[in-house]
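So the structure is just underneath, and the comments pick up after that.
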Amino acid sequence: MYNVVFLGAPGAGKGTQAAVIAEKMNMAHLASGDLFRKAIERDDDLGRQVKTYLENGQLVPDEVTVNMVLKRIAELDDVTGVILDGFPRTLSQAATLNLALGGHGEKVDRVVYIAVPEAELERRLSDRWVCRGCQATYTSADKEAMESCRKCGGELYQRPDDTPETVKRRLAVYFRETAPLIDYYRQTGTLVEVDGQGEVDGVTARIARAITNR
Ligand code: AMP
């Protein structure tokens with residue numbers, strides 16, 4: 001299986017791009033944040049365990065996160081590969097992922113780092129509406145022009161962790177805990193940096209090239 005990691009700050013466009021690329025390339029799209037939000041909606045054991053971390057913009061403990069993600073990877077079927085969106089987010093998660101994949105003769109084949117300047121990240125997150133059904137994202141200008149999600153008709157909402165205060169904390173957590181992964185993967189020779197600014201389609205084209213130029 002072809003294992004791809006999408007790395008980037010909150011608001012870099014990982015989710016949007018992973019959904020499009022996964023569909024184009026018949027890959028699975030596994031978004032740790034989406035899996036946590038679904039568990040919270042279901043109010044199951046995992047959801048109750050992680051709720052406060054998400055509300056506060058803090059990372060869920062590595063062990064809980066790794067167990068959930070590895071279980072999902074093991075369940076994958078009939079796909080050419082997987083895009084990990086939002087995982088790993090710490091050096092320890094990356095090390096555990098390597099070990100787990102290595103146990104099956106696999107590895108992280110490609111890391112796509114979607115680079116966006118901090119001011120642009122803040123602007124995007126504070127103006128973000130998300131579809132409850134398919135997780136597509138829109139701006140408030142989009143929202144004014146439509147009743148519900150253009151892709152699936154789902155209801156649009158603003159994530160409770162997209163408030164200015166929590167956005168600041170999430171970005172600080174990103175720079176402290178996750179940004180070191182850029183150098184980590186650069187050293188393994190798997191990292192490709194892609195400019196995440198500009199039109200969505202343009203970014204998609206750059207990412208597709210980064211993934212297929214093996
Ligand atoms: P996201 O949708 O990727 O922005 O993730 C939303 C929230 O889920 C984060 O702020 C964390 O609380 C939690 N989360 C998602 N992925 C991870 C991860 N790999 N490690 C720890 N916490 C995570």
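Counting only DSSP H runs of at least 4 residues, each contributing -39500 (n - 2.57), and dividing by the residue count of the chain, the helix-based mean residue ellipticity at 222 nm comes to -14500 deg cm²/dmol. Cross-link pairs exceeding 22 Å in C-alpha to C-alpha distance, out of K51/K168; K38/K71; K38/K151; K71/K107; K71/K151; K14/K38, comprise K71/K151.
Protein heavy-atom surface of the stretch 1-109, 1.4 angstrom probe: 50% of the accessible area is carbon and sulfur, with nucleic acids and ligands not counted. Between the stretch 18-69 and the stretch 183-214, the C-alpha centres lie 23 angstrom from each other.
Solvent-accessible surface of the stretch 69-214, averaged per residue with a 1.4 angstrom probe and all protein chains in place: 55 square angstrom.
For the stretch 128-183, the set of GluC sites (Glu not before Pro) satisfying both a DSSP loop assignment and a count of at most 16 other C-beta atoms within 10 Å is given as E147, E155.
The values are calculated or read from the model by the stated rules, or taken from the named source; none is laboratory data. Everything numeric here is computed off the predicted structure, so don't read it as measured data. In this analysis, Cβ positions are derived from the backbone assuming ideal geometry, glycine residues included, and neighbour counts consider all displayed protein chains. Side chains included, ligands, DNA and RNA excluded: accessible areas come from the protein's heavy atoms. Shrake-Rupley method; radii C 1.70, N 1.55, O 1.52, S 1.80 Å.
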